[in-house]
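Undergrad: One structure, pasted below without further comment.
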Amino acid sequence: MGFSASATLATLRQTGMVTSFALALAVAAASLPSDVVMKLFIGTNITLGSKMMEDFIIGMQHAFWVSAVLCLVAAAFSFVRGKENRNRV
């Protein structure tokens, strides 16, 4: 029984990490033109101008804010859940 719960918890943690990484990249990449994003992710040697670099940094800041809001929502759900009772059998 303990192994099953441990495996489920590990799977959910990994899923959360991958999802947050994908969300952050999607929010940050939305600040650049799609052809530039494609070249960046494929690995083509591309030079970004200062305007595109500024746009990407703004996109990363937006990704940070989205992550912060999600953390606050999760904290609110955790608070509403109440204190955990570990004395149950």
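The values are calculated or read from the model by the stated rules, or taken from the named source; none is laboratory data. Here the structure is a predicted model, which means the values were calculated and not measured. A quick note on method: Cβ atoms are made from the backbone with ideal geometry, for glycine too, and the neighbour counts reach across all protein chains shown.
Undergrad: Scan segment 1-30 residue by residue and report those that are modelled with pLDDT of 80 or more and not in a helix (DSSP H, G or I).
TA: Selection gives 30 alone.
Undergrad: Considering only residues that are part of a loop (DSSP other than H, G, I, E, B), surrounded by 10 or more Cβ atoms within 10 Å (Cβ to Cβ) and not hydrophobic (A, V, I, L, M, F, W, C), which ones fall in segment 31-47? Lay out the reasoning, then the answer.
TA: First pass over segment 31-47, keeping only residues part of a loop (DSSP other than H, G, I, E, B): 31-33, 43-47.
Subset that is surrounded by 10 or more Cβ atoms within 10 Å (Cβ to Cβ): 31-33, 46.
Passing the criteria: 31, 33.
Undergrad: Let me ask something additional. Farther than 25 Å from residue 19 by Cβ and outside any loop (DSSP other than H, G, I, E, B), is that true of residue 55?
TA: Working: farther than 25 Å from residue 19 by Cβ: no; outside any loop (DSSP other than H, G, I, E, B): yes.
So residue 55 fails the test.
Undergrad: Hey, can you tell me all the residues within segment 48-59 that are exposed (fewer than 14 other Cβ atoms within 10 Å of the Cβ) and of a type in the set (A, V, I, L, M)?
TA: Let us first name the residues in segment 48-59 that are exposed (fewer than 14 other Cβ atoms within 10 Å of the Cβ), namely 49-51, 53-54, 57-58.
Those that are exposed (fewer than 14 other Cβ atoms within 10 Å of the Cβ) and of a type in the set (A, V, I, L, M): 53, 57, 58.
Undergrad: Tell me which residues, restricted to segment 43-66, are among the aliphatic types (A, V, I, L, M) and modelled with pLDDT of 80 or more. If you could, list the steps in order and put the result at the bottom.
TA: If we filter segment 43-66 for residues that are among the aliphatic types (A, V, I, L, M), which is where we start, we get 46, 48, 52-53, 57-58, 60, 63, 66.
Scanning segment 43-66 gives 57, 58, 60, 63, 66.
Undergrad: Please specify each residue of segment 62-89 satisfying the condition of being in a helix (DSSP H, G or I) and either over 17 Å from residue 21 (Cβ atoms) or in contact (Cβ under 8 Å) with a residue 60 or more places away in the chain (or both). So that I can check it myself, show each step before the final result.
TA: Going residue by residue through segment 62-89, those that are in a helix (DSSP H, G or I) are 62-81.
Of everything in segment 62-89, those that are in a helix (DSSP H, G or I) and either over 17 Å from residue 21 (Cβ atoms) or in contact (Cβ under 8 Å) with a residue 60 or more places away in the chain (or both) turn out to be 72, 73, 75, 76, 77, 78, 79, 80, 81.
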